[in-house]
Amino acid sequence: MARKDFLDIASLSREEVDHLLEQAVPFKELFTRSVKKVPALKGKSVLMLFYEPSTRTLSSFEVAAKRLSADVIELDVPHSSVTKGETVKDTVDTLQAMRADYIVVRHKMSGMARSIARQTKASVINAGDGAHAHPTQALLDAFTLKEVFPDVAGRKVLIAGDILHSRVARSTSRIFLKLGVEVAFLGPGSLLPQRRPEGITHFTDFEEALRWGPDAVYLLRVQMERQEAQYFPSLQEYHRVYGVTQDRFERIKGDGIYVMHPGPVNRGVELCHEVMDYERSLINQQVENGIAARMAVLYALKPRTGAGEPDRE
Ligand code: CP
């Protein structure tokens, strides 16, 4: 891949998506070996800069980088000079001075990863920026769907929930569309984007959406932290109308529909407890595949930046 940074799915070509998905396969095979490490990024440093909480993305980037033999440094943002008022720009300049080869960034502001990428020679990887993009989540989702359906083109995925505030919905729907997957959104009208993305069907009724015949239902977390208004009466009401309730779970099981979720899960809101143990739940497989997908991204961006090399100018 002839690019320094990995910022969104929209700017990736189909060839780049295919390349990353193919590259993730041998990395996943590595997990079954007794030594789960290759020297591909030996001597490189990966700096983790997370201004928002994370379990899966943060830890899987760390595992991915270590399996490629890179050195990993996590900036503990709540205990860093950020709390003394240091700006993102000055923080990134400081990391640049330490010659990080990669900066993996999560921030609540849409566009922050791109802004940092313009500022630094390091390869910047967007680990989620506001409601804009979460491209490595999209890559691991596509990788997971392809494990179940090697020929994904023509398969149908229903993405359900808080679409409006979801960077996952934006990135994952884009990668699915690039692969020829049919995508539909389901949610209350208040949580669906007003401008309907091209090629995506909208449903506001769960039963109607199930009649559309999805191969997988991709549930989203209700993102209370990004909601500035009351978008539905209560979480109980949301579960009753838009969640996978016991009744809908029976229907989903009966139709053999796969269930996906980016995590973290709100049990009792977007799904009932039983879904977590469902044999066609791909939720843990998504987490495992996050490591292989992120290894593929780190490896693909490997040789550029010059961040860790002497200044040329
Ligand atoms: N899916 C996801 O981004 O999870 P985390 O917030 O735990 O990283």
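The values are calculated or read from the model by the stated rules, or taken from the named source; none is laboratory data. Keep in mind it's a predicted model, so treat the numbers as computed, not measured. In this analysis, Cβ positions are derived from the backbone assuming ideal geometry, glycine residues included, and neighbour counts consider all displayed protein chains. All accessible areas refer to the heavy atoms of the entire protein, side chains included, with ligands and DNA or RNA removed. Shrake-Rupley method; radii C 1.70, N 1.55, O 1.52, S 1.80 Å.
Rounded to the nearest Hz, the phi-derived 3J(HN,Hα) couplings of the stretch 7-12 under the Karplus curve 6.51 cos²θ - 1.76 cosθ + 1.60 (θ = phi - 60°) are 10, 7, 8, 3, 8, 7, where x marks glycine and proline. Looking at the chain, the pairs of alpha carbons with a distance over 31 Å make up 31% of the total.
Sequence-ordered 3J(HN,Hα) estimates for the stretch 159-165 from the Karplus curve with 6.51, -1.76 and 1.60 and θ = phi - 60° stand at 9, 10, x, 7, 5, 4, 9 Hz, glycine and proline given as x.
Based on DSSP H segments of at least four residues, each scored -39500 (n - 2.57), the chain has a per-residue ellipticity at 222 nm of -11000 deg cm²/dmol. Between the stretch 233-277 and the stretch 183-223, the C-alpha centres lie 14 angstrom from each other. Per-atom-type breakdown for the chain gives carbon and sulfur 49% of the accessible area (1.4 Å probe, protein chains only).
The angle between the Cα long axis of helix 283-300 and the longest principal axis of the Cα atoms of the chain comes to about 30 degrees, rounded to the nearest 10. Binning all Cα-Cα separations of the stretch 28-141 at 10 Å, short to long from zero, yields these whole-percent fractions: 13, 45, 32, 9, 1.
Our note on the geometry: Cα centres of the stretch 77-133 and the stretch 150-174, 27 Å apart. Loop exposure criterion: trypsin sites (Lys or Arg not before Pro), DSSP state outside H, G, I, E and B, at most 12 other Cβ atoms within 10 Å. Applied to the chain, the longest stretch between such sites is 43-194. Rounded to the nearest 10 degrees, the angle from helix 14-30 to the longest Cα principal axis of the chain is 80 degrees.
GNM on the chain, alpha-carbon springs under 10 angstrom: the most fluctuating residue among Gln286, Gln137, Gln230 is Gln230.
For the stretch 1-83, dividing the convex hull volume of the Cα atoms by the residue count gives 135 Å³ per residue.
Rg/Rh for the stretch 133-278 stands at 0.92; both radii use Cα atoms, and Rh follows the Kirkwood definition. As I understand it, the value is the acute angle between the Cα axis of helix 135-148 and the longest principal axis of the Cα atoms of the chain; what does it come to in degrees, rounded to 10? Tilt relative to the chain: about 60 degrees.
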